[in-house]
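Below is one structure; the comments refer to it alone.
The values are calculated or read from the model by the stated rules, or taken from the named source; none is laboratory data. This one's a predicted model, so the numbers in the text were calculated from it and none came from an experiment. For neighbour counting, all protein chains shown are included, and Cβ atoms are generated from backbone atoms with ideal geometry for every residue, glycine included. Heads up: the accessible areas ignore ligands, DNA and RNA and are worked out on the full protein's heavy atoms, side chains in. Shrake-Rupley method; radii C 1.70, N 1.55, O 1.52, S 1.80 Å.
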Amino acid sequence: MTTNLDYLRQLNPSQRSAVEHFCGPLLVVAGAGSGKTRALTYRIIHLIRYHKVDPENILAVTFTNKAAREMKLRIERTFAGEICQEKHEKPFEALKESEQKSLLSQVYRCVTKKLWIGTFHGLCSRILRYDIGKYRDEKGRTWRSNFSIMDESDVQSLLKNIVTKQFNLDEKKFDARSIRYSISNAKNLGLSPDDYLKEHSYPKGRIIAEVYQEYQNQLCANNAVDFDDLILIPVRLFQQNESVLGYWHNQFKHILVDEYQDTNQIQYDLIRLLGTNGETDRTQWDWRNRSIFVVGDADQSIYSFRMADFTILLNFQKDFGDGLPDADTRTMVKLEENYRSRENILEAANKLIENNTQRIDKVLKATRGSGDTIGFKVTRDEQEEAEFVVSKIKEIKRNNPELNWGSFAILYRINSQSRPFEDVLIKSTIPYTIVGGFKFYDRQEIKDAVAYLRVIANPADTVSLLRVINTPRRGIGKTTIENLLKASQELSIPLWEIISDETSVNTIAGRAAKSLNEFSKLLQDLHGKIEELSASEILTEVMESSGYIEELRLQGTEEADNRLENIFELSNAVLQYQEDNEDITLQGFLSSASLASDLDNLKEGEERVSLMTLHSAKGLEFPIVYLVGLEQGLLPHSRSLNDPLSLEEERRLCYVGVTRAQEQLFLTYAKERYVWGNRETKIPSQFLEELPQELLDTGRGKQTTKRSTGSKIVAVKSKSAPNDSKEWEVGDRVLHPTFGEGKITNVFEGGRRISIAVKFDALGNKILDPVIAKLQKLN
DNA sequence: GCTCTGTTTGTTTTT
DNA sequence: CAAACAGAGC
């Protein structure tokens, strides 16, 4: 019997060699629209169908939950199609509906269900539900499997409390936000509080290390972890426990990572540990029946603020691969044919990204006709910008009956730019969805409901307990709570243990004792039934019995009705979760809820105009794209203007936007816009100049993209720079201790900092800080 | 113990 | 121009 491998015929040679790769490492450098998702999906199918790999042994990491869901769906469908051909010798579509259904559910049971597909965070939380009990950090802290995942605002208030109440620090110097950022960065580099202290001995660093230490204490006391811990803890656990690592190493024989350019250090550590079983000597690596397969595009790396580091991708060949030059390597495949966009759009994208220095050379090759020129519009302000875009949408839709509202996307740099577009869309009664901004799970009533569920699942979660202890109002006031907290601190036991003991409550709480005991009884009751009741039953029960629903009903205002509606929506989400997953436990639902993103709501086939940030648009495509707000200070964002590295990231962001478009792309720029309630005059984005001017169509013939002189923020000079940067000049040969010899191709001056771009003979372009990198000038 | 209101503060991007 | 917060009044 010849296995029917129909899917291979749909691939070009490079895609095919990626899909047919079996064991060992492979880097797939995949340009925008080059069919990388297809390569990834088909490779998984090929592993199972052709190489007979057990789906259980495949780990595929995607960037979003949505991407994971879609990949599963595609695998399921393709698989069903293949099996159908093989068994019945007819296409899947020819089956009766009932046969289709039963085939799909069979594929689900044998394949999709067993695959480990998800985001780093989702997959790691799954691993932790098995193994977190085996972890012990360097201070001896431990966690239990019913841990809570703290959301960003919980973390924020926890930290604020530590900074202001416990440490009495100056809030100006140590605001919770920047401390959170430091801690998160530390965790993404794999640093514990002690490690952090070692690396930062200066006074401020020492204090941050102390706050970090105390923050860990409190997470532990709440039996809670934050987002970063979801990845950090497995890595640490694997490092300290050989047998746990061995188990998961053995489980995951084939590891696939999508969007590899946006992984950070700790995620890399995780992949490396799983792939190599922690063996550092690469001659000892055993690739029999194993592989690491990563897909990415350095030009689309846009998450460095989250510590993503695309040099991890650039180093793949050195790390895992054979390190041979491009022409000879067997561990890298480049996908350069673009199946998405019209040639004009690609040309613009290619021209734009050429201005970046640090990249793997790669050109998107068009496979479709040239298409229209790129629309460009200068408007008076953001209001006119929105009106222009919406009227254009209407016009194009009218002239192209095959398009629906879902064919259009409006992309912007920051969420607050959506406002005027929403207004105009509403006025025109055009359906739209807005991705990002305020999430469903950020709504007050949803957070209340979820907090109830979290306390029931994990009574040690004092943060959630405090949120609901007096919601709805049951006469448990500030002083009562403070007394209870004091008691719990003195006895160093969780608040919950005080509250669940009637005698203690009666002693401490006084007037509030009665309602406190009722409250505690309700939660205790449900906590006891956690095994026997489903998540949705618990939700309904707690919302009714706590009086939460009743209070909203009594209010009768429009707002209260809205909240009731949302709670109803939440219970639908729970039911949906139970439908989609075998796991109907409360904890299962709670972790999926914590990790849910707004992007998950974006459904294909929904005929609505999409509004989202450029970050959210990654991985998506639309026939018609409006990339708006192309102004200095917005795109590129003002915070990147004096740092060449961030500026390159902004350019990549713009590149991501441009390459989302299939048929047509519009760019807009508003001369004035409200910033912080003030009108501000804006100058055009420098990226506009970098695009091929002949492709820009202003609709009137005359080009108006020239910027006023003197507005260049980043000076690129070769000679006679006014300050002492003349030490480094374009054309100089230099020697770097690790990168070797190279030639300076650019000198950037931004404020006090100087960066230079060097093309190394062996390693290609890199941007360096000459003060940090110990560069030597050669003559 | 709870609500209202004036003041302050701050905006990139997100799993 | 928000939202979030603190302090005063009920």
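Odds and ends about this structure:
- Ordering of A:437-444, A:178-185, A:589-596, A:28-35 by burial proxy (mean other Cβ atoms within 10 Å per residue, highest first): A:28-35, A:589-596, A:178-185, A:437-444
- Virtual spin-label span in nm between A:ASN581 and A:PHE438, 7 Å along Cα→Cβ: 2.7 nm
- Across the stretch A:213-346, the relative contact order, built from alpha-carbon pairs under 8 Å that are at least six residues apart, equals 22 percent.
- Förster radius 30 Å - calculated FRET efficiency between A:GLN240 and A:ASP170, Cβ distance, rounded to 0.05: 0.20
- Ordered by solvent-accessible area of protein heavy atoms (1.4 Å probe), largest first, the residues A:ARG679, A:ARG398 come out as A:ARG398, A:ARG679.
- Viscosity 0.890 mPa s, 25 °C: Kirkwood-radius Stokes-Einstein D of chain A over Cα pairs, µm²/s: 85 µm²/s
- Ranked order, A:TRP285, A:TRP248 - accessible area, probe 1.4 Å, largest first: A:TRP285, A:TRP248
- Computed over protein heavy atoms with a 1.4 Å probe, the carbon and sulfur contribution to the accessible area of chain A reaches 47%.
- A:TRP287 - accessible surface, heavy atoms, 1.4 Å probe, Å² rounded to 10: 50 Å²
- Heavy atoms of A:LYS394: accessible area, 1.4 Å probe, square angstrom to 10: 90 Å²
- Backbone N within the stretch A:414-441 under 14 Å of label point (7 Å from A:THR681 Cα along the Cβ vector): none
- Heavy-atom accessible area per residue - the stretch A:485-533, 1.4 Å, Å²: 62 Å²
- 3J(HN,Hα) along the stretch A:7-22: 4, 5, 5, 7, 10, 7, x, 5, 4, 5, 5, 5, 5, 7, 4, 10 Hz, from the Karplus curve 6.51 cos²θ - 1.76 cosθ + 1.60 with θ = phi - 60°, whole Hz, x for Gly and Pro.
- Binning all Cα-Cα separations of the stretch A:555-686 at 5 Å, short to long from zero, yields these whole-percent fractions: 2, 8, 13, 13, 13, 12, 11, 12, 10, 5, 1, 0.
- For the set A:LEU26, A:LEU324, the ranking by accessible area, highest first and with no ligand, DNA or RNA atoms included, is A:LEU324, A:LEU26 under a 1.4 Å probe.
- Shape analysis of the stretch A:535-595 yields a ratio of the Cα radius of gyration to the Kirkwood radius, Rg/Rh, of 1.04.
- Amide H within-cut-off set for A:TYR432, under 5 Å, with H built and near neighbours excluded: A:VAL609
- Between 0 and 90°, nearest 10: helix A:535-545 axis offset from chain A longest Cα axis: 50 degrees
- Solvent exposure of A:HIS249, expressed as accessible area, is near 30 Å², computed with a probe of 1.4 Å over the protein chains only.
- Cα shape, the stretch A:220-363, gyration tensor, a/c 1.5 rule: oblate
- When each of A:LYS139/A:LYS198; A:LYS160/A:LYS198; A:LYS139/A:LYS160; A:LYS72/A:LYS392 is checked by Cα-Cα distance, pairs over 27 Å: A:LYS72/A:LYS392
- Hull volume per residue, based on the alpha-carbon atoms of the stretch A:161-271 and their convex hull, is 117 Å³.
- Between helix A:418-427 and chain A there is an angle of about 90 degrees, using the helix long axis and the longest principal axis of the Cα atoms.
- Partner aspartates and glutamates whose Cα lies under 13 Å from the Cα of A:LYS377, excluding those fewer than 8 positions away in the same chain, are identified as A:GLU385, A:GLU387, A:GLU631, A:ASP697.
- Rg then Dmax, both in Å and based on the Cα atoms of the stretch A:160-206: 10.9, 28.
- What the Cβ-Cβ distance of A:TYR339 and A:GLU690 gives, at R0 = 30 Å and to the nearest 0.05, is a FRET efficiency of 0.75.
- You can think of it this way: the chain between A:GLU402 and A:ARG109 has 101.7 nm of extra reach, that is 0.36 nm per residue less the Cα-Cα gap.
- From phi via Karplus (6.51, -1.76, 1.60), per-residue ³J(HN,Hα) for the stretch A:240-254 in Hz, x at Gly/Pro: 9, 10, 4, 6, 5, 4, x, 4, 6, 4, 6, 5, 9, 7, 10
- Here's how it looks for A:GLY24: its modeled amide H is under 5 Å from those of A:ARG290, A:SER291, A:ILE292, which are all 5 or more places away or on a different chain.
- Volume per residue of the C-alpha convex hull in the stretch A:396-542, rounded to whole Å³: 182 Å³
- Nearest-ten-degree value, helix A:558-580 long axis tilted from longest Cα axis of chain A: 80 degrees
- Label-point separation in nm, A:GLU93 to A:GLU559, each point 7 Å along Cα→Cβ: 5.3 nm
- Cα gyration tensor shape of the stretch A:227-276, rounded if a/c is under 1.5, else prolate or oblate by comparing a/b with b/c: oblate
- Shape of the stretch A:324-460, Cα gyration tensor, a/c cut at 1.5: oblate
- In this structure, the pairs whose alpha-carbon distance is over 25 Å, taken from A:LYS204/A:LYS447; A:LYS52/A:LYS87; A:LYS165/A:LYS204, are A:LYS204/A:LYS447.
- Computed FRET value (nearest 0.05) for A:GLU606 with A:THR429, which takes r as the C-beta separation and R₀ as 22 Å: 0.85
- Estimated inter-spin distance, A:LEU491 and A:TYR50, nm [label 7 Å along Cα→Cβ]: 6.5 nm
- Karplus-derived 3J(HN,Hα), 6.51/-1.76/1.60, for each residue of the stretch A:322-333, Hz, glycine and proline x: 8, x, 6, x, 3, 5, 9, 5, 10, 10, 9, 10
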